[in-house]
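Everything on this sheet refers to the single structure shown next.
Only the coordinates and a few stated rules stand behind these numbers; no lab work does. None of the values given here were measured: they were computed from a predicted structure. Virtual Cβ from ideal backbone geometry, glycine too; neighbours counted across all protein chains shown.
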Amino acid sequence: MTDATTTEASRSARELAREVLIHGPISRSELGRRLGLSPASLTRLSKPFLDLGLFVEGVEEQKGAIGRPAKPLDVRVDARRFIGIKVTGDDVLGVATDLRATAQTRAAHALGGHDVAAVVEAIAAVVREVAAASGTGDLTDVAGVGLSIGGNVAGRRIVKRAPFLEWRDVPLADLLERELGGLPVTVENDVTALTTAEQWFGAGRGLPNFAVVTIGAGVGYGLVMHDRVIVTPDSGLGLAGHLPLDASGPLCIEGHRGCSTAMLSIPGICAQLGIALGREVRYDEVLELAEAGHPLAVSITTAAGRALGRMLAYIANLAMVDTVVLSGEGIGLWRVAEGAAREALAADRDAEASPLQLHVDDAGFVSWARGAAAIAIEDAFARLRLSA
């Protein structure tokens, strides 16, 4: 977004854009209350967004009131197009989205290796394929690319550490922008991006406080407090990955007994049943065997369910949230272990504590990619230059 303008978007303008993006359509009175703005200031700040076609006005009836009806503000979802990318150790998945990060077209490429140049090339190929499928065939009408990756990211530009890719200190945003002819690229930790997605359009929409737990190649944890996604320099280090959950559980690859990685990650669960059966097993096979009543699979998934329930109780008790979103490519565990998880959760919660609301997001990698797009949209509004 580099529309003709004169001054960088002020903090108040960015906050206004954020509120409308997340909560729109939203009344002007509610916006004024949230942002501490007078009606005159709100009109002044919203005008450039309306002039650029980024906001639209609706009509809100004022029952019993005299005068002109209030006009709530919302984003014009088709005003800009973005591409969100999720990178794993094996694949690159991309989706094209509108301004609400609604997925439109998608594409995926398998990674042949983890060499930085090869991964950058694969990402760029997915970006171009998604753009071609959803627009004019080139990148001219794409406003930005968001990329989510499992690891620690600095300044939304540099991948400091990505264990699944065996990367350290990779200037991924710079490399991709060069490959894509200067198209703005935003890079963020995947759980942070997913948490943003859940806040925008998922089960956390409208909630000021909630947590996200992801199960997949690893175990992730995201947190929203006071309507803000919590991000620290340690985000993406996998700090929730070795939470002790079962004193008699198996060891993870780092030697922690019964930690969240050993008990809940896809590799951890597959390893347990594989050792018991004396052969390699796939994750979907573990779940299928558990559903069919296979005693070893049932024992492993039940123990995983209890571990998940304990982790949920830890989060609810310590972060003092009453809503948790469960997501990730391994969320199928919930299908076979929900009972054990809820039982363990109840056992570790005070009987008089607020009931914990659990929401399962089973959209898979699309949610991760949409989260990446949401990060790019946030950055695009921050870069926007507005006329006074």
How tilted is helix 39-51 with respect to the longest principal axis of the chain? Cα atoms for both, answer in degrees (0 to 90, nearest 10).
80
Part-to-part distance (alpha-carbon centres) for segment 294-313 and segment 256-282, which is given in Å:
12
So what J values fall out for segment 287-299 if you push phi through Karplus, 6.51 cos²θ - 1.76 cosθ + 1.60 with θ = phi - 60°, rounded to Hz, Gly and Pro as x?
5, 5, 5, 5, 5, 7, x, 4, x, 5, 5, 4, 4
The chain, Gaussian network, Cα under 10 Å: of A211, A110, A131, the residue fluctuating most is A110
Between (1) 1.01; (2) 0.98; (3) 1.04, which matches Rg/Rh (Cα atoms, Kirkwood Rh) calculated for the structure shown?
(1)
Packing-ranked peptide list from 349-361, 152-164, highest mean Cβ count within 10 angstrom first, is 152-164, 349-361
Kindly state, to the nearest 0.05, the FRET efficiency for E343 paired with I253, given R0 = 25 Å and r defined as their beta-carbon distance.
0.30
With springs connecting C-alpha atoms under 10 Å apart, model the chain as a Gaussian network and identify which of L54, L312, L239 has the largest mean-square fluctuation.
L239
Hey, with R₀ at 25 Å, roughly what FRET efficiency would M320 and S38 work out to, going by the Cβ-Cβ distance, to 0.05?
0.15
With a ≥ b ≥ c taken as the square roots of the eigenvalues of the C-alpha gyration tensor of segment 206-360, please select rounded if a/c is under 1.5 and otherwise prolate if a/b is larger than b/c or oblate if it is not?
prolate
Rounded to the nearest Å, what's the spacing between the alpha carbon centres of segment 315-374 and segment 131-181? Just the number, please.
29
What aspartates and glutamates could a cross-link reach from K47, if we take a straight Cα to Cα line under 16 Å and drop same-chain neighbours fewer than 8 places away?
D3, E8, E15, E19, E57, D74
In order through segment 153-168: 3J(HN,Hα) via Karplus (6.51 cos²θ - 1.76 cosθ + 1.60), integer Hz, x for Gly, Pro:
10, 9, x, 6, 10, 10, 7, 6, 7, 9, x, 5, 9, 6, 10, 9
So, with points 7 Å from each Cα along the Cβ direction, the A382-E352 label distance in nm works out to 4.3
Determine the gain in length on full extension of the stretch R282-L50; use 0.36 nm per residue of separation and subtract their C-alpha separation, reporting nm with one decimal.
78.4 nm
Considering amide H positions built from the backbone, and no H for Pro or chain starts, which residues 5 or more places from T105, or on another chain, come under 5 Å of its amide H?
A96
Pick from T43, T196, T261 the residue whose mean-square fluctuation is largest in a GNM of the chain, springs joining Cα atoms under 10 Å.
T43
Using alpha-carbon pairs under 8 Å, 6+ residues apart, how would you state the relative contact order of the chain in percent?
19
Can you tell me, using C-alpha contacts under 8 Å and at least 6 residues apart, the relative contact order of segment 146-238 as a whole percent?
27
Taking Cα pairs under 8 Å and at least six residues apart, what relative contact order does segment 151-191 come out at, in percent?
38
